[in-house]
Amino acid sequence: MIDTIKKLWSPGVDENPLRLRRQIALCNQVGLFGTVATLPYQLFYYFYDFATYWGVFLVNLLFMAGYLLVLPLNHRRLHSVASNVLLINGGAQLFVVTAFIGTEAGVNLFYFTLASILVFLYQHLRVQTYAFVMALFGAQYALSHFLFTREAVISPVPSPWVDIMYAGSVVGVLMLSGALLYLFRQQIDHAEDELTLSNQYLETLSNTDPLTGLANRRALDAALEREWSRLSRLSSGLAVIMCDVDHFKGFNDRYGHDGGDRCLQRITTALEGVLSRPADLAVRYGGEEFALVLPGTEEAGARLLAERLREAVERLQIPNEAAGEGACVTVSVGVSSINHVFPEVGFHGVDHLIKRADEALYQAKASGRNRVVYLAYSDRFDVDGSEQ
């Protein structure tokens, strides 16, 4: 039922920016609600004394058509025209109908509804224009209030019906204003949810390597900062693993960059396969180099996981004849870890941890590749990061 009602004010809403969508939907809603709000008055005029109220009845039919005209105008993307038609139609209806039945019926109270949603109907409403329209509404309300007394109108409503109509107008103003603002609030909440999802998506993109889907250097820096802070409080260990694809330049030269990309993607799958904890982070460090951040991990655990990673890549059996006949793609792995943080070191000590893992990787390369080398984090170094 709710979805069916929403479809009534959907013309022209889709395929527009979020802010414009809210304004178009609100414009359609006001047009529909203006039509619906007029119906009870029409029923009274028709059944109570049509001979007396036929004039205001016919005039209201024209204004109801004006409200409904807003929907096709928005559907044809004439959004500014639709908003202008809506305001002119609404303001004119309240003034003309009040001239027929008088202010005692309370119809002119709906000026407050128009004023409450005016600022939401336009995308770029200048202050001067807003002030002018508000002043115009105020003037129309004042004129109708003082000019259209019971003695001066064409077809006044008799008691007690005029009192009932006034009470209905008050309730209608409050319900219509509340309903429109509630719907607009819902649309804003929906837009904020979409914006939050978009921001989360953009943040994910900014922290993700597009080729492998792994985290990138930016995410690595954030994770290391977080884990280093945690380590300074809990002293539960932190390990970093650096790995590099052996003879990758030759692989690219022989199999092309597309082949190199596929190779890195397969290695990424193997790398993710050896990680078992949500807290572990895999990063494409750059080019053919990867990094792993392992919170709560000491030397033994880091060595074991590094060896599993090396073996997992070797088991892929990706041919790499650039490294020799019958050779396959392998990785060299460097590992370092720390169990606690010295207070005088500060955050720059995490750079030293990465440096030690990178030095271990260099040694693995220099000593024949396809192997794991571990270098302990230095026990003491100066506060500027240099070893003692």
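Tell me, yes or no, whether the stretch 304-312 has at least one residue that is surrounded by fewer than 18 Cβ atoms within 10 Å (Cβ to Cβ) and not in a helix (DSSP H, G or I). The answer is no; no qualifying residue exists. Looking across the stretch 163-190 at every residue that is more than 22 Å from the chain's Cα centre (by Cα) and among the polar types (S, T, N, Q), the one that is nearest to PHE112 (Cα to Cα) is identified as SER177. Test LEU61 against the stated conditions and say whether it is surrounded by fewer than 19 Cβ atoms within 10 Å (Cβ to Cβ) and within 40 Å of the chain's Cα centre (by Cα). It is false that LEU61 is surrounded by fewer than 19 Cβ atoms within 10 Å (Cβ to Cβ) and within 40 Å of the chain's Cα centre (by Cα). Within the stretch 7-33, no residue that is outside the structural domain of ALA92 (by TED's automatic domain parsing) and under 15 Å from LEU78 (Cβ atoms) sits with its Cβ atom under 8 Å from a residue that is of a type outside the set (Gly, Ala, Ser) and at pLDDT 80 or above at 6+ positions apart or across chains.
Of all the numbered requirements in (1) assigned by TED's automatic domain parsing to the domain that holds GLY301; (2) surrounded by 15 or more Cβ atoms within 10 Å (Cβ to Cβ), PHE184 misses one, and that requirement is (1). Close contacts from the stretch 267-291, counting a first residue that is of a type in the set (D, E, K, R) and a second that is assigned to a loop (DSSP other than H, G, I, E, B), with Cβ to Cβ under 6 Å and a gap of 6+ residues or different chains, come to ARG284/ASP209; ARG284/THR212; ARG284/LEU214. On the stretch given as the stretch 202-236, residues that are in a loop (DSSP other than H, G, I, E, B) and charged (D, E, K, R) total 1. Considering ASP261, ASP253, ASP244, ASP209, the condition of being surrounded by 21 or more Cβ atoms within 10 Å (Cβ to Cβ), out of contact with any Cys (no Cβ under 8 Å at 6 or more places or on another chain), acidic (Asp, Glu) and in contact (Cβ under 8 Å) with a residue 24 or more places away in the chain is satisfied by ASP244 alone. In the stretch 344-360, the residues that are modelled with pLDDT under 60 reach residues that are of a type outside the set (A, V, I, L, M, F, W, C) with C-beta atoms within less than 7 angstrom, at least six apart or across chains, in these pairs: PHE347/GLU225.
The values are calculated or read from the model by the stated rules, or taken from the named source; none is laboratory data. Please read all numbers here as calculations on a predicted model, not as lab measurements. In this analysis, Cβ positions are derived from the backbone assuming ideal geometry, glycine residues included, and neighbour counts consider all displayed protein chains.
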